[in-house]
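Scroll down for the structure; my scribbles are underneath it.
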Amino acid sequence: MRLIYILAILTFIGMAALWGGWYGLCRRKLAAALAAACILGGGVLLLLAVLPGNSFYGTTVTANPAAGKNVALTFDDGPYPPYTDELLAVLQQRQVKATFFMVAANARQHPELVAQIAAQGHEVALHALQHRDFLKLTPAQQQSDVAAGKELLEKLSGQQITLMRPPHGFRDWSVLATLRQNGLTAVNWSVIPRDWTNPGSGVIVQRVMEQVQPGAIILLHDGDSPKYAASREQTVQAVPVIIDKLRAAGYNFVTVSELMHKGE
Ligand SMILES: [Zn+2]
């Protein structure tokens, strides 16, 4: 079921109640209460779809507290030269394995980067074929995007793709059903330093250190889809500092798939 249909039905009921109350077909207090309930219910359902840390619409992995002092660095929206290249050098130098949630259309443009990411032992995961709001796509559009994106990434990386982060982390019953049908687990995050707003590399580091918990999934960006305009230099500068500080605090870096199986 798509959330957008539920919201349309609630809007219709709310409007009908107000109309009925206005023209005296039902008591005005009752009409107002029904309209308010529709607005509140719709708002709560929408929030649950866009907030990253709940499984209301189905299982969404956001962290694994049972994983102890292991965390997963994740990078969205790439590959995106030269920042993905620079990040790979940082990760290799510090012997850290990360997870890249790729826009498959970008991966098609930069197959050499996908191959390099896989060769360095990082996990390749799907963000989408194209970076669109999946809540606005029909189930058929969702299915064709996810199936094509997964197939492309599997061909380019040589890895089996098992994880997907829907664009913006937005999901409802329909989005999660599409993922399940394609053998994909939905993954969001527990640490969000908002690096895409380029607040300064020091701020990115500070936010990660403030939010980190055992088993955290840390959201960062090596890309800028679908605009392909912003610099990711601040993220590239922040990542080695984040790695050093978290290591000093006793944390170890694993891929998201590894993190999910820790503590079992
Ligand atoms: Zn994204």
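For the reader, a short list of remarks on this structure follows.
- The set of residues from the stretch 167-217 being within 16 Å of the ligand (Cβ to nearest atom), under 20 Å from VAL103 (Cα atoms) and open to solvent by 20 Å² or more (accessible area, probe 1.4 Å) comprises HIS168, PHE170, TRP189, ILE192, ARG194, TRP196, THR197.
- Any hit, the stretch 199-206, residues being among the hydroxyl-bearing types (Ser, Thr, Tyr) and assigned to a loop (DSSP other than H, G, I, E, B): no
The rows are residues; the columns are (1) part of a loop (DSSP other than H, G, I, E, B); (2) within 16 Å of the ligand (Cβ to nearest atom).
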position	(1), (2)
THR235	no, yes
ASP244	no, no
GLY250	yes, no
LEU259	no, no
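- One residue stands out among those in the stretch 101-146 that are touching a residue at least 12 places away in the same chain (Cβ under 8 Å), away from the ligand (no atom under 16 Å from the Cβ) and among the hydrophobic types (A, V, I, L, M, F, W, C): the one that is surrounded by the most Cβ atoms within 10 Å (Cβ to Cβ), which is ILE117.
- Filter pass, GLY223 being part of a loop (DSSP other than H, G, I, E, B) and crowded, with 22+ Cβ neighbours inside 10 Å: yes
- Residues in the stretch 183-201 that are of a type outside the set (Asp, Glu) and in contact with a strand residue (DSSP E or B) (Cβ under 8 Å, 6 or more places away or on another chain): 11 in all.
- Matching residues, the stretch 59-92, being open to solvent by 20 Å² or more (accessible area, probe 1.4 Å) and within 23 Å of GLY183 (Cβ to Cβ): THR59, VAL61, THR62, ALA63, ASN64
- Residue, nearest to the chain's Cα centre (by Cα), within the stretch 65-100, restricted to residues that are among the charged types (D, E, K, R) and within 16 Å of the ligand (Cβ to nearest atom): ASP76
- All conditions in (1) away from the ligand (no atom under 15 Å from the Cβ); (2) open to solvent by less than 40 Å² (accessible area, probe 1.4 Å) hold for SER55, with the sole exception of (2).
- Selection of first residues in the stretch 233-244 that are within 16 Å of ALA72 (Cα to Cα) and of second residues that are open to solvent by 10 Å² or more (accessible area, probe 1.4 Å) and not in a helix (DSSP H, G or I), restricted to Cβ pairs under 8 Å at least 6 apart or on distinct chains, gives the following pairs, ordered by first then second residue: THR235/HIS221; PRO240/ARG94; ILE243/ARG94; ILE243/PHE253; ASP244/ARG94.
- Residue among LEU156, LEU152 that is crowded, with 22+ Cβ neighbours inside 10 Å and either assigned to a helix (DSSP H, G or I) or within 16 Å of the ligand (Cβ to nearest atom) (or both): LEU156
The values are calculated or read from the model by the stated rules, or taken from the named source; none is laboratory data. For clarity, every value in this text was computed on a predicted model and none was experimentally measured. Neighbour counts are summed over all protein chains in view; Cβ atoms, including those assigned to glycine, are modelled from backbone coordinates with ideal geometry. Side chains are part of the model used for accessible areas, which takes the heavy atoms of the whole protein and leaves out ligands, DNA and RNA. Shrake-Rupley method; radii C 1.70, N 1.55, O 1.52, S 1.80 Å.
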